[in-house]
Amino acid sequence: MDGFSKKTLVTKRSLKYTYYVSPEGEASEKHPALLFLHGFPDSAHLWTDVIAALGPVPNKIIVPDCLGYAGTDKPEDMAMYVYDGQAADLQDILEAETIPTGPKTVVIGHDWGSVLAQRLYLHHRSLFKGVVLVNTGYIVPSSDKFDLEAANSFTEKLLGYPQLAYWELFTASDAADIINPRLEQMWLALHADRPHWMKEMFCVKGAMRDFLLEGDKSLPLKSYATGPKHRQHFLDQFSQANGGFEGALQMYKTTANNMQGNAFAKLPPMDLTINVPVLYIICTDDAVCRPELMMDPAKAKGLVPKVRDVVLDCGHWSPMEKPNDIAAELRVFLEKDV
């Protein structure tokens with residue numbers, strides 16, 4: 001993000017966050033601030049090409065490294081990753097950037113960042129004019145116990161494959177030990193260029209672990225993943241010197257250990273409707289983030305009354321693969337919907 005200021009902030013929870021801010025721009029009802037949230041296993045860097053393609057805008061842009069990633073703290077306590085706490089941290093960043101109270105921000109999230117964007121809105125809805133969900137749609141909060149085996153059994157019946165098979169590795173006690181010495185192979189697991197690769201790698205039990213340990217190292221990469229721009233950032237970010245993968249796995253472990261559901265159950269009854277305009281970007285070659293599970297239930301309950309769907313022909317890491325398309329849709333959203 002050329003020209004952006006790199007800042008740090010210690011939040012009210014005593015966690016250090018790193019984030020990036022555009023040199024100019026305002027946060028007003030006419031030109032709301034844009035808060036970009038990345039997912040797994042990325043960082044603020046994920047949005048570099050989208051922001052560049054967006055071009056000069058009158059909006060202030062804020063892009064944090066989310067909790068567990070890059071320059072932000074990586075606590076080992078899973079309780080620190082519960083959504084309301086992370087939402088409070090992000091509110092602290094908005095306050096630090098002197099964004100006044102009232103709906104003067106649009107939050108844009110990808111993958112886990114999309115889920116965090118939803119929860120941020122629910123906990124601090126008065127701050128937001130719009131919500132953009134990339135790949136991952138609105139997953140309605142619930143106090144129901146999470147059961148990985150049951151979830152995979154259900155999705156195998158619904159979709160024909162266990163949607164969350166890869167969680168078996170990501171929630172395992174040895175997950176970071178498997179991934180850390182095999183970062184090149186992990187990059188290939190995420191970004192190989194083969195038809196239906198995500199379904200093959202993420203949605204077959206044991207596939208991710210087996211591939212990292214002894215999989216084919218000669219597979220081609222998608223074009224965006226071949227050069228050093230994204231790849232080297234990934235390798236540097238997750239080097240042993242920078243803490244490896246443990247922090248990036250915490251969101252999976254927090255969910256699998258029912259800490260998200262337990263925390264939600266303790267909250268007073270809350271309105272689960274996202275009442276502001278929502279842009280939902282669906283990606284056709286994303287076998288995990290399927291609308292049937294990650295938006296359709298919310299639509300059926302009337303919880304996203306102002307949603308507009310856009311379909312892109314790409315895979316899960318759409319901000320890297322289709323940054324120009326995402327930027328174009330953001331411009332339309334800001335000009336016509338918000």
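The values are calculated or read from the model by the stated rules, or taken from the named source; none is laboratory data. If you're wondering where the values come from, they're calculated on a predicted model, not measured in any experiment. A quick note on method: Cβ atoms are made from the backbone with ideal geometry, for glycine too, and the neighbour counts reach across all protein chains shown.
Below is a table of values for the structure above.
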quantity	calculated
Breaking point among (1) outside the structural domain of residue 271 (by TED's automatic domain parsing); (2) within 19 Å of residue 31 (Cα to Cα), for residue 127	(1)
Test set (1) farther than 18 Å from residue 265 by Cα; (2) in contact (Cβ under 8 Å) with a residue 60 or more places away in the chain - residue 91 fails condition number	(2)
Any hit, region 18-33, residues being on the phi > 0 side of the Ramachandran plot, in a loop (DSSP other than H, G, I, E, B), surrounded by fewer than 16 Cβ atoms within 10 Å (Cβ to Cβ) and out of contact with any Cys (no Cβ under 9 Å at 6 or more places or on another chain)	no
The one condition in (1) closer than 17 Å to residue 132 by Cα; (2) touching a strand residue (DSSP E or B) at 6+ places or on another chain (Cβ under 7 Å); (3) surrounded by 19 or more Cβ atoms within 10 Å (Cβ to Cβ) that residue 54 fails to fulfil	(2)
Wholly within region 254-336, helices (runs of 4 or more DSSP H) carrying at least 2 residues that are touching a Cys at 6+ places or on another chain (Cβ under 8 Å)	318-321
Within region 131-158, tally of residues that are outside any helix (DSSP H, G or I) and free of Cβ contacts under 8 Å to residues at least 60 places away in the same chain	1
Boolean, residue 202 is out of contact with any helix residue (DSSP H, G or I) (no Cβ under 6 Å at 6 or more places or on another chain), buried (at least 19 other Cβ atoms within 10 Å of the Cβ) and aromatic (Phe, Trp, Tyr)	yes
Subset of region 169-182 (residues that are out of contact with any helix residue (DSSP H, G or I) (no Cβ under 7 Å at 6 or more places or on another chain) and part of a helix (DSSP H, G or I))	177, 181
Residue satisfying condition, being buried (at least 16 other Cβ atoms within 10 Å of the Cβ), outside the structural domain of residue 41 (by TED's automatic domain parsing) and not in a helix (DSSP H, G or I), within set 185, 163	163
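To keep it simple, each residue is scored yes or no on (1) over 21 Å from the mean Cα position of the chain (by Cα); (2) among the aliphatic types (A, V, I, L, M); (3) under 20 Å from residue 228 (Cβ atoms).
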| site | (1), (2), (3) |
| --- | --- |
| 9 | no, yes, no |
| 24 | yes, no, no |
| 28 | yes, no, no |
| 36 | no, no, no |
| 46 | no, yes, yes |
| 60 | no, no, no |
| 67 | no, yes, no |
| 72 | no, no, no |
